[in-house]
Amino acid sequence: MSDNLALESEHDAVGDAETLAGPFGISLVRLGAGSILLGSDKGALPYGSERPRHEVRLAERWVTTQMVSRKIWALAVGEDEPTEPDSLVEGKSWDEIEDFLAKVNSAAALAADKSGWGAGEWRLPSESEWMHAEVQLDISVPKAKEELLADHPHANHRGAPTDGRPRMDTNPHSMMRLYRISRKAHPTKVDFSVKSQAPVKNGQDGMVFRLMFIPKEVSPTVVGDCLLVPEEIDAARLFKREAIIALVVGIIPSFAIPVLRGFNSYAVSGWANLLFGGLVISFASSVFWRPRTETWVYSADGKVMERRWLAGKDL
């Protein structure tokens, strides 16, 4: 068997982290088990796609701290050695990436019995895995690049898995299947990126990716075998909150202004206009502010998700 297929455990001087040598010269670092909070509990409208904030618990897995290079790509797909082997693979379509992943998984499976860590799944990181690796291993997106992740974009986090697996769109007709979540490097800040989404039907300039290895014993196969973020919305509580905000922020000030300026009669004759104006002001204020929302966390026994208000704080 060729050296490219040799999978062996080794220790290297990357802090106290253990590294692994995978197929085709892929080098990974251990990403320890841990828990993160994904999403945002900010209540303003622009944060709607990031709600509800929720806890994700991840078992141990492995991740490349560097993006996939042209040399690794060429070895996996059988291309000639590139002139710049250490430069990053960029602009590949999702079909090309899936073909590459299939070859990596096949090579790893052939050597699984001889490796010190067995079989598992090789893929791109999910959003929660990437966030966890950013905290634990200080990974980042290279300057002027966009890193592709495994998840499909969704309107919000309701119904999302809480064990680190990618969140996929199972609707075959959904346009979101043509996109993947990504991390886009900030144009000026070093080692800082923002969440975005990238079209994957065709390759995009500057689009790069890294690899994740999930051991078979922690690699999930069925969506129902992990806790999901609850779909429920407390509609009564939401309506009550919005009614109070509309009254205090919009309606009362709308009527108070003409009264304070001496136009008492207009406060009566023009009540419909003042009411509508107050509601408009209240709605407009939701773009800038709303109270923080709940965070879904694991219960003490780990069997269910429970609602908790953390006011922006960590667990």
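The values are calculated or read from the model by the stated rules, or taken from the named source; none is laboratory data. Everything numeric here is computed off the predicted structure, so don't read it as measured data. Reconstructed Cβ throughout: ideal geometry from the backbone, glycine too, with neighbour counts over all protein chains shown.
Per-residue answers, yes or no, for (1) over 18 Å from ALA133 (Cβ atoms); (2) at pLDDT 95 or above; (3) β-branched (Val, Ile, Thr):
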site: PRO187; (1), (2), (3): yes, no, no
site: PHE192; (1), (2), (3): no, no, no
site: GLY206; (1), (2), (3): yes, no, no
site: PHE209; (1), (2), (3): no, yes, no
site: PRO215; (1), (2), (3): no, no, no
Of (1) without any contact (Cβ under 8 Å) to a residue 12 or more places away in the chain; (2) over 18 Å from TRP94 (Cα atoms), VAL218 satisfies every one except (1)
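Farther than 23 Å from PHE213 by Cβ and either of a type in the set (Ser, Thr, Tyr) or not assigned by TED's automatic domain parsing to the domain that holds ASP163 (or both), is that true of SER69?
The answer is no for SER69.
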For the range 33-150, please list each of the strands (runs of 3 or more DSSP E) lying entirely inside it that holds at least 2 residues being surrounded by 22 or more Cβ atoms within 10 Å (Cβ to Cβ) and over 19 Å from the mean Cα position of the chain (by Cα). none
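Condition check ((1) in a helix (DSSP H, G or I); (2) touching a strand residue (DSSP E or B) at 6+ places or on another chain (Cβ under 7 Å); (3) of a type in the set (A, V, I, L, M, F, W, C); (4) loosely packed, with under 11 Cβ neighbours inside 10 Å) across all residues:
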{"site": "LYS195", "(1), (2), (3), (4)": "no, yes, no, no"}
{"site": "LYS201", "(1), (2), (3), (4)": "no, no, no, no"}
{"site": "PHE213", "(1), (2), (3), (4)": "no, yes, yes, no"}
{"site": "GLU217", "(1), (2), (3), (4)": "yes, no, no, yes"}
{"site": "ILE245", "(1), (2), (3), (4)": "yes, no, yes, no"}
{"site": "GLY250", "(1), (2), (3), (4)": "yes, no, no, no"}
{"site": "VAL259", "(1), (2), (3), (4)": "yes, no, yes, no"}
Flagged pairs (Cβ under 6 angstrom, 6 or more apart or on separate chains; first in the range 167-182, in contact (Cβ under 8 Å) with a residue 40 or more places away in the chain and under 9 Å from PRO153 (Cα atoms); second surrounded by 15 or more Cβ atoms within 10 Å (Cβ to Cβ) and among the acidic types (Asp, Glu)) are ARG167/ASP151; ILE181/GLU127; ILE181/ASP151
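Within the range 18-48, can you find the residues that are more than 30 Å from ILE233 (Cβ to Cβ) and of a type in the set (Lys, Arg)? Please lay out each step first, then the result.
Step one: filter the range 18-48 for residues more than 30 Å from ILE233 (Cβ to Cβ), giving 18-33.
Once the filter is applied, which keeps residues that are more than 30 Å from ILE233 (Cβ to Cβ) and of a type in the set (Lys, Arg), the range 18-48 yields only ARG30.
Looking at VAL249, VAL297, VAL259 in this structure, which one is within 23 Å of CYS226 (Cα to Cα) and among the β-branched types (Val, Ile, Thr)?
Values: VAL249 fails: within 23 Å of CYS226 (Cα to Cα); VAL259 fails: within 23 Å of CYS226 (Cα to Cα).
Answer to the selection: VAL297.
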Of the residues in the range 54-69, those that are out of contact with any Phe, Trp or Tyr (no Cβ under 9 Å at 6 or more places or on another chain) and hydroxyl-bearing (Ser, Thr, Tyr) come to THR65, SER69
Filter the range 268-278 down to the residues that are surrounded by fewer than 16 Cβ atoms within 10 Å (Cβ to Cβ) and in contact with a helix residue (DSSP H, G or I) (Cβ under 7 Å, 6 or more places away or on another chain) and list them by number. LEU275
Just one listed residue, out of ARG183, ARG177, is touching a helix residue (DSSP H, G or I) at 6+ places or on another chain (Cβ under 9 Å) and not in a loop (DSSP other than H, G, I, E, B), and it is ARG183
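Taking the options LEU227, LEU315, name whichever one is within 22 Å of the chain's Cα centre (by Cα) and farther than 24 Å from MET168 by Cβ. Spell out the reasoning first.
On the way: LEU227 fails: farther than 24 Å from MET168 by Cβ.
Of LEU227, LEU315, the one residue that is within 22 Å of the chain's Cα centre (by Cα) and farther than 24 Å from MET168 by Cβ is LEU315.
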For the range 264-315, what are the residues that are closer than 17 Å to VAL248 by Cβ, polar (S, T, N, Q) and not in a helix (DSSP H, G or I)? SER286
